[in-house]
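*Asks:* One structure coming up, written as C-alpha cells, with questions to follow.
The values are calculated or read from the model by the stated rules, or taken from the named source; none is laboratory data. Here the structure is a predicted model, which is why all the values come from computation and not from measurement. Here the Cβ positions follow ideal geometry from the backbone for every residue, glycine too, while neighbour counts run over all protein chains shown.
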Amino acid sequence: MPSALILIADGTEEMEFTISYDTLVRAGVETTSAFVPDKSEVVSERTTSPPFAKGSRGINIMPDTYFDPADCGPEKYDLLVIPGGAKGAETMSKDHSVQKLVRDYLKHDKFVGMICAGSLAASTSKLPKQPLTSHPSVKSHLEKDFDYSEEPVVVSGHLVTSRGPGTAFPFALTLVELLCGADVRAKVRKPMVFPSGTPF
C-alpha cells in the first residue's frame, strides 16, 4: 500500500491540507500528518500529542504526530506533501530538516507535492531549475530560479506543484494517479460528483 506524509503548521491553508489528505485516503493511501513547529516561537514543553495546528482561516486541525525527521524519510513514505498558507509555508520552507527531506525524497525517486506558497520549499531546498508553479503571491520568489508555469498542476519528474485552494482537487488527484494509477484516480474522482465538464 502506498504511503504519504503531509506536513502541517500553524497557518497552513486548510483546504489544501484537507483535500490532499482526504483524497489520498479515499485512494487507499496510508496517510499521516506531521506538525512542524515554528522554531522562531517559544514552544512550551513538548508532550506526546502534538498541539492543534491553527489554519490560515482559524480552523484548528489535529495532526497525527509531531514532525520527526528521523521517522519521516523516503524509506518510510512514498510521498511528501507541503501545503500552502503563507505562515505555514514559511515555517516549513525555512526548516532545514524539511529542506533536507525534500532533497532526500527526490534523490530516492519518491514524490514531493507542493501547493500554493508551499512551492517556496523548492527554492529553499535549492532544487535544480525545472518546471514549477505556485500561488501568484510568491511567483516573484520563484520565477528567476525555475521555469515558472501558470498551469493548475505541474509535474516535473517526481516533483508536483500546484497553485492554490482552487487547484487542490486536481493536485490531489494527480498525486493519486502517480501513486496508484489512472484507474484508481478515476474510481476516486467519480463519487466526488464534480460538475459536468470539470476539466480534471
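*Asks:* Between residues in segment 157-172 that are over 14 Å from D22 (Cβ atoms) and residues that are at pLDDT below 95, which pairs lie under 6 Å by C-beta distance while being six or more apart or on different chains?
*Replies:* From segment 157-172, the pairs are P170/F200.
*Asks:* Specify the residue that is farthest from K126 (Cα to Cα); the eligible residues are those in segment 145-179 that are out of contact with any Lys or Arg (no Cβ under 7 Å at 6 or more places or on another chain) and in a strand (DSSP E or B).
*Replies:* V153
*Asks:* Can you say whether A121 is assigned to a helix (DSSP H, G or I), touching a Cys at 6+ places or on another chain (Cβ under 9 Å) and buried (at least 16 other Cβ atoms within 10 Å of the Cβ), as far as the supplied structure shows? Can you show your working first?
*Replies:* Working: assigned to a helix (DSSP H, G or I): yes; touching a Cys at 6+ places or on another chain (Cβ under 9 Å): no; buried (at least 16 other Cβ atoms within 10 Å of the Cβ): yes.
So A121 fails the test.
*Asks:* Counting only residues that are surrounded by fewer than 19 Cβ atoms within 10 Å (Cβ to Cβ) and either touching a Lys or Arg at 6+ places or on another chain (Cβ under 9 Å) or of a type outside the set (A, V, I, L, M) (or both), how many does segment 54-77 have?
*Replies:* Qualifying residue count, segment 54-77: 14.
*Asks:* Quick one: M15 ticks every box in (1) touching a strand residue (DSSP E or B) at 6+ places or on another chain (Cβ under 7 Å); (2) surrounded by fewer than 24 Cβ atoms within 10 Å (Cβ to Cβ) bar one, so which box is it?
*Replies:* It fails just one condition, (1).
*Asks:* If the requirement is being out of contact with any Phe, Trp or Tyr (no Cβ under 6 Å at 6 or more places or on another chain), modelled with pLDDT under 95 and among the aromatic types (F, W, Y), which of these qualifies: F52, F17? Talk me through it step by step, then tell me what you get.
*Replies:* On the way: F17 fails: modelled with pLDDT under 95.
After ruling out the rest, the residue left standing is F52.
*Asks:* Across segment 1-35, what is the total count of residues that are touching a Pro at 6+ places or on another chain (Cβ under 8 Å), of a type in the set (S, T, N, Q) and more than 15 Å from C180 (Cα to Cα)?
*Replies:* 2
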